[in-house]
Amino acid sequence: MPSPEGKRSLLLIRILSLLSFLLLWELASRWMDSPIILPSPEATLKETWMLLRTGGFYRSLGATLLRGVTGFLLSVGAGLSIGILSGKSNILREFFRPFLTSIQSTPVLAIILLALIWFPTETVPVFVAFLMGFPIITTNVTEGILSVDHRLLEMAKVFRIDRWRRALYVVLPSILPHLVGGASSALGLSWRVVVASEVLSQPLLGIGTGMQEAKLRLETARVFAWTLAALVLSYSTESIFRWVVHRLKRLA
Amino acid sequence: MMIELDEVRFEYGSVTVLDRFSARFPSMEVTALLGPSGCGKTTILNLIAGLLKPQEGTLRVDDKFPHEVRVGYIFQDVRLLPWLTVKRNLDLVLPRTIPAEERLKRIRSVLRMVGMEHALTLFPDQLSGGMYRRVGMARAYLFEPDLYLMDESFQGLDPPLKFQLLSVFQQLRSMSPKTTIFVTHDIEEALLVGDEIFLLSPMPARIVHSLRNPVPPNDRVPGNQDIAKIEGELFTLFRRNNIIYL
């Protein structure tokens, strides 16, 4: 744990990094001298402020949030179930391995295009978020199950600790770090793929829809503003997720 | 509770650990299994605990199946759950049918017996080596077992701590005497604890010699002349059998 002085230094470095980035951006936009190619940070900020004042922005944000969270929760549910089964059985692990490897190796764009053929536009982002997140969680949970210390399981067996408490006190704490790691990666990925899916599937509301509409109207500053919204959404949900995990650990 | 192994065979892959191994562990006594490292002592304990099954031969604990017997296993590495406090580690071995208040009372009482009442809310990584092993003993006692299995329970401890723990064990056992099998590769430990001592050969283990400890339990203290004499005799016996005890 860094000292208060160390923390201040870290904060200072981060602020300097951000300011350098903004300076570079400003210089580049002046050099380009074309707000359609690269708007200035100031123009982007103004556009973001205007976007924040429209009611449609919040509805779009809500729609994207709902899709991302639904896809994420579905991937957690499926990943947890299949991960546990794969961790318990070599046969099932080998059975699922080709599916998981194939999904992880397939370009996201190919999955989005296929989903566009198979599903209604509203469902496409949810499906893609689910499909991209689920192999990550499954792989992590399987690793977690395989990493459970067999000596602790032997102890539980000898002392006749029932199946439920064995799962809760021996298995779960062992797989929790793997599950949290996998879920965190899946959550981060889900925002990227949900927005990409929205750009291509064009549901009625969504950050991706807003981005695509702004791009068609050559409102580059607005594209930047929507991107900023997606970044904030991703960062906030990640922080909330970490807070929930921290609280759960303390409760246990 | 009498334990009997008859012509037991057990292999790990292509390694034969036990081949037609037979032994009879007398009821209510402490039998020390003294043998070199890796000779199959822990395998014998794991078979009795029901963690392993004999591939050939029979294992009887009175007339019960191994899974019906309550075993207070004091593991070599103790095996406390690192994410639970001492209290919750101990609470896990008590049945839920006992009310929470009564469970806590029992936990406090057993911790007092092993001199660890202050450790109730500590986590395993906050315990010293000796404290950790005391909790392991307390857990086995709290489980109210039919028999105790002790796997190198004092290995790697400094002599003063080892003898302190030995006396804790003797105290617990005197409160509720049970058939006990104590595995060790330390001759002195075997003589300080065992009523009966079985000397094992290197793998595949077989009993090369058995000895009734002539020293009464209360006189079994470090430095006892008789114990030192038997220790010397046993050492000679090992050398004669070409057995290296490490």
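Please treat every number below as a calculation from the coordinates, not as lab data. Predicted, not measured: the structure shown is a model, and the values here were computed from it. Glycine gets a Cβ as well: all are built from the backbone with ideal geometry, and neighbour counts include every protein chain shown.
If the chain linking residue A:37 and residue A:110 were pulled fully straight, counting 0.36 nm for each residue of separation and taking away their Cα-Cα distance, it would gain 23.5 nm. Pair-distance distribution of the protein assembly as shown: all C-alpha pairs, bin width 10 Å, starting at 0; shares per bin in whole percent are 4, 15, 19, 17, 13, 11, 10, 7, 4, 1, 0.
Counted over the protein assembly as shown, the DSSP beta bridges are approximately 50% antiparallel. Model label sites at residue B:236 and residue B:164, defined 7 Å from Cα along the beta-carbon direction, differ in position by 3.7 nm. The convex hull of the Cα atoms of chain B, projected and averaged over all directions, covers 13.6 nm².
Going by how many other Cβ atoms sit within 10 Å of their own, how do B:132, A:58 line up, fewest first?
Going from least to most buried by this count: A:58, B:132.
Take the Cα of residue B:37, step 7 Å along the line toward its Cβ, and report every residue of the range B:165-205 whose backbone nitrogen sits under 20 Å from that point. Backbone N within reach: B:182-191, B:199-205. Short-range pairs are left out: with C-alpha atoms under 8 Å and at least six residues apart, the relative contact order of chain A is 25 percent.
Taking Cβ atoms as reference points and 13 Å as the exclusive limit, the residues near residue B:208 contribute a net charge of +3, counting Lys and Arg as +1 and Asp and Glu as -1. Seen from residue B:179, the other residues with C-beta closer than 10 Å to its C-beta sum to a net charge of -2, counting Lys and Arg as +1 and Asp and Glu as -1. Ordering B:44, A:91, B:207 by the number of other Cβ atoms within 10 Å of each residue's own Cβ, fewest first, gives A:91, B:207, B:44.
Any chance you could run the full-extension gain for residue A:66 through residue A:95? It's 0.36 nm times the residue separation minus the Cα-Cα distance, nm to one decimal. Numbers along the way, then the final one.
Details: separation 29, 0.36 × 29 = 10.44 nm, distance 3.22 nm.
That works out to 7.2 nm of additional length.
Residue by residue, the range A:61-67 carries 3J(HN,Hα) couplings of 4, x, 5, 5, 4, 4, 5 Hz when phi is fed to the Karplus relation 6.51 cos²θ - 1.76 cosθ + 1.60 (θ = phi - 60°); x denotes Gly or Pro.
Nearest 0.05, what FRET efficiency do residue B:108 and residue A:148 give at R0 = 45 Å with Cβ-Cβ as r? Don't skip to the answer; put the middle values down first.
On the way: r = 31 Å, r/R0 = 0.68.
Result of the calculation: an efficiency of 0.90.
Put simply, the amide H of residue B:146, placed in the peptide plane, has neighbours under 5 Å in B:70, B:71, B:72, leaving out anything fewer than 5 places away on its chain.
What does the helix-only formula give at 222 nm for chain A: each DSSP H stretch with n ≥ 4 adding -39500 (n - 2.57), the total divided by the residues, and the result rounded to the nearest 500 deg cm²/dmol?
Working: 11 runs with 210 residues, N = 252.
Here the helix-only value at 222 nm equals -28500 deg cm²/dmol.
Coordinate range of the alpha-carbon atoms in chain A per principal axis, descending: 74, 56, 31 Å.
Within a Cβ distance under 10 Å of residue B:41, other residues only, what is the Lys/Arg minus Asp/Glu net charge? Can you show the working numbers first?
Details: positive: none; negative: B:151, B:152.
Result for the local shell: -2.
So if we plug the beta-carbon distance of residue B:15 and residue A:228 into 1/(1 + (r/R0)^6) with R0 = 60 Å, what FRET efficiency do we get, rounded to 0.05? In this case the efficiency is close to 0.40.
Using the number of other C-beta atoms within 10 angstrom as an exposure proxy, rank A:128, B:215 with the fewest first. Provide the component values of the computation, followed by the final result.
On the way: A:128 28, B:215 17.
Going from least to most buried by this count: B:215, A:128.
For the range B:111-128, the Karplus equation 6.51 cos²θ - 1.76 cosθ + 1.60, evaluated at θ = phi - 60°, returns couplings of 5, 5, 4, 9, x, 10, 5, 6, 8, 3, 9, 7, 8, x, 6, 9, 9, 7 Hz by residue, with Gly and Pro reported as x.
Dividing the Cα radius of gyration of the range A:150-194 by its Kirkwood radius returns 1.27 for Rg/Rh. A Förster radius of 60 Å combined with the Cβ-Cβ distance from residue B:126 to residue A:216 puts the calculated FRET efficiency at roughly 0.45. Between residue A:3 and residue A:22, the simple spin-label model (points 7 angstrom out along Cα→Cβ) gives 3.0 nm. When the pairs A:88/B:64; A:157/B:64; A:249/B:162; B:53/B:178; B:41/B:162 are compared against a 25 Å limit on Cα-Cα distance, A:88/B:64; A:249/B:162 fall above it. Applying the Karplus relation 6.51 cos²θ - 1.76 cosθ + 1.60 with θ = phi - 60° to the range B:192-202 yields 3J(HN,Hα) values of 6, 9, x, 7, 10, 10, 9, 8, 9, 7, x Hz, where x marks Gly and Pro. For the residue pair residue A:49 and residue B:186, what label-to-label distance in nm results when each label sits 7 Å from Cα along the Cα-to-beta-carbon direction? Simple spin-label model gives 7.7 nm for this pair.
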